[in-house]
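Chemist: Below is a structure I'd like to ask you about.
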Amino acid sequence: MIEEYTTLLRCPRIQVDRAYSRAAYVPNFLKKLMSITGMSEQWVTARIKQKRDNKYMPGKNLRDLILAHPYVRKRVDIFAFSIYGLVIFPKALGHVDEAVSDLFDRLDKRVTPVPAILAETFMSLSACRRVGEGRFIGCAQLLLVWFHSHFWKVEKISYRVFSENYSPLKELVATPRRDDTTEEKWLVILQNLQEEDVEWRAPWMIPSEILYRCGEFNWVPLLGIWGAVGYAPLLVLRQYRSRQFVLATQGLVQCEFSFKEDNYKKKVREISNAWNQIHRMKILAVNPMTTPEYNLWWGRRINDNIPASSQEDVRPIEEHLQVVPSELEIIKQDFEKRSLKLGKKIEQLEEEKMRLGLDVDIHKLEAERLRKGKNKAEEDLDSLKIDYKKLQLSIRTASLGKTSEQWRQEIKEEKTKADQWEKKFQDALVRESVLEKNLSECQNEKARLKAR
């Protein structure tokens, strides 16, 4: 659930491995509120309420301050503080408990609130289960989203889950839900759940790694704002479509304690140090979903379990988690392959387009050169015709002392020159026609590439 809640909250500024740890000496609630609200000591003191050993700030005072505070940044801070105290950690209805202020103050240091949220959720559910009743004081909204994600089957998986801007919480909030499910009906549904009724992995969850232990603990100890509890992610491997096996759980129950107990600070320090040595593991999916040993262990309901493995069946945890890709991962891989293939095709088309562009430019230069040659040939031909006419005129008007044979020879030479220039002119026209045709074909090809 750590990875799921982190995905739901989608806070890019937090460091997922930097968990909240209650300070050994928590600063005064009054000073915390003065810092968060920006109000005077007199104003804050007049509004703090106390019940037994706990101090609270009424939510209505925070609401009024959100509406009236002159600074926008402070209004945002007070609103966020109210959400944490009234929605995420609702210990006293309509009031924000003083313990919330310490966690809220640490958010600027980029600590993740997820372990604390889960710790209080698990401890509250455990307390209600022990006595058979009670008020849940965890974040009911996030838990309800988690319920809907695991107990409502999804036929199709949206490609939007691969988008960087995708927010499952926003999508789930916008999804219509039936509001006519009574408490009694919920009890019947949960009491009669079968394995096939559970959506083990949330459809919006794409985990690559899971946090499965911290330090010397065989599980993940979670520090809340009022206490701590042990959480064993390897007991819910089916949420990641991995094979469920029997895990050592001895001492897991004793990991739960309240910050009101004696010597709690030493335990907090041990857990905080353990979070400096986290262990993650890549996971995939496999069938069958459970081992025979797990089914036997589950039927016996043994809390403090020390698996007795035979020498022939000693397997490391990593081996239990070696699997085949899930449906969502297959879709993602197919999507990435198609994107890569299309990317390469686009690159090829771009290269072809560039080559054709160069060919067009070369043909344009050649056509321009031929046009200039044609114009020069036409000018030379015109000049030759003028000279020829002048020569004929001079033959008629003056006697140059040449014989008829000489005149015939000179005229023959001039005609030969004229024929040569005429041939050059025709050749130039033919080459110009060919180049214009090639240019037209290149331009048509370029237009087709742009249309792709």
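Chemist: Please identify the pairs in which a residue from region 184-208 that is of a type outside the set (F, W, Y) and assigned to a loop (DSSP other than H, G, I, E, B) has its Cβ atom under 6 Å from the Cβ atom of a residue that is surrounded by fewer than 11 Cβ atoms within 10 Å (Cβ to Cβ) and modelled with pLDDT under 75, counting only partners at least 6 apart or on another chain.
Modeler: Short answer, once both residue conditions are applied: E199/K153.
Chemist: Say whether the condition of being more than 21 Å from A23 (Cα to Cα), touching a helix residue (DSSP H, G or I) at 6+ places or on another chain (Cβ under 6 Å), in a helix (DSSP H, G or I) and not basic (K, R) is met by at least one residue in region 86-95.
Modeler: yes
Chemist: Just checking, does region 18-35 include any residue being charged (D, E, K, R) and under 32 Å from the mean Cα position of the chain (by Cα)?
Modeler: Kept after step one, since they are charged (D, E, K, R), are these residues of region 18-35: 18, 22, 31-32.
Among the residues that remain, those that are also under 32 Å from the mean Cα position of the chain (by Cα) are: 18, 22.
Yes: region 18-35 contains one or more residues that are charged (D, E, K, R) and under 32 Å from the mean Cα position of the chain (by Cα).
Chemist: Does region 62-77 contain any residue that is farther than 29 Å from W275 by Cβ and aromatic (F, W, Y)?
Modeler: yes
Chemist: Of (1) at pLDDT below 70; (2) surrounded by 13 or more Cβ atoms within 10 Å (Cβ to Cβ); (3) part of a loop (DSSP other than H, G, I, E, B), N165 satisfies all except one. Which?
Modeler: Among (1) at pLDDT below 70; (2) surrounded by 13 or more Cβ atoms within 10 Å (Cβ to Cβ); (3) part of a loop (DSSP other than H, G, I, E, B), the lone unmet condition for N165 is (2).
Chemist: Next up: So if I check each of L358, L370, which one is under 18 Å from K437 (Cα atoms), out of contact with any Asp or Glu (no Cβ under 9 Å at 6 or more places or on another chain) and either without any contact (Cβ under 8 Å) to a residue 24 or more places away in the chain or assigned to a helix (DSSP H, G or I) (or both)?
Modeler: Working: L370 fails: out of contact with any Asp or Glu (no Cβ under 9 Å at 6 or more places or on another chain).
Just one listed residue meets the conditions, L358.
Chemist: Just give me the residues in region 424-443 being among the polar types (S, T, N, Q) and touching a residue at least 24 places away in the same chain (Cβ under 8 Å), in sequence order. Break it down into steps so the answer makes sense when it comes.
Modeler: Start the filter on region 424-443 by keeping residues that are among the polar types (S, T, N, Q), which leaves 426, 433, 438, 440, 443.
Result: N438, Q443.
Chemist: Modelled with pLDDT of 80 or more and either in a helix (DSSP H, G or I) or not assigned by TED's automatic domain parsing to the domain that holds R130 (or both): which single residue out of R238, R280, R269 fits that description? Talk me through it step by step, then tell me what you get.
Modeler: On the way: R238 fails: modelled with pLDDT of 80 or more; R280 fails: either in a helix (DSSP H, G or I) or not assigned by TED's automatic domain parsing to the domain that holds R130 (or both).
Every option except R269 fails the conditions.
Chemist: Can you tell me which condition L86 does not meet? The list is (1) surrounded by 12 or more Cβ atoms within 10 Å (Cβ to Cβ); (2) modelled with pLDDT under 90, and all the others hold.
Modeler: For L86, the exception is condition (2).
Chemist: Please go through region 399-452 and pick out each residue that is at pLDDT 75 or above and of a type in the set (V, I, T).
Modeler: If the condition is that a residue be at pLDDT 75 or above and of a type in the set (V, I, T), then I411, T416, V430, V434 are the ones that fit.
Chemist: A further question on this structure: Pairs needed: first member in region 341-352, within 21 Å of E445 (Cβ to Cβ) and not assigned by TED's automatic domain parsing to the domain that holds K446; second member anywhere, among the acidic types (D, E) and modelled with pLDDT of 85 or more; C-beta distance under 7 Å; at least 6 residues apart or different chains.
Modeler: none
The values are calculated or read from the model by the stated rules, or taken from the named source; none is laboratory data. Since the structure is predicted, the reported quantities are computational estimates derived from the model, not experimental observations. Note that we place each Cβ from the backbone using ideal geometry, even for glycine, and neighbour counts take in every protein chain shown.
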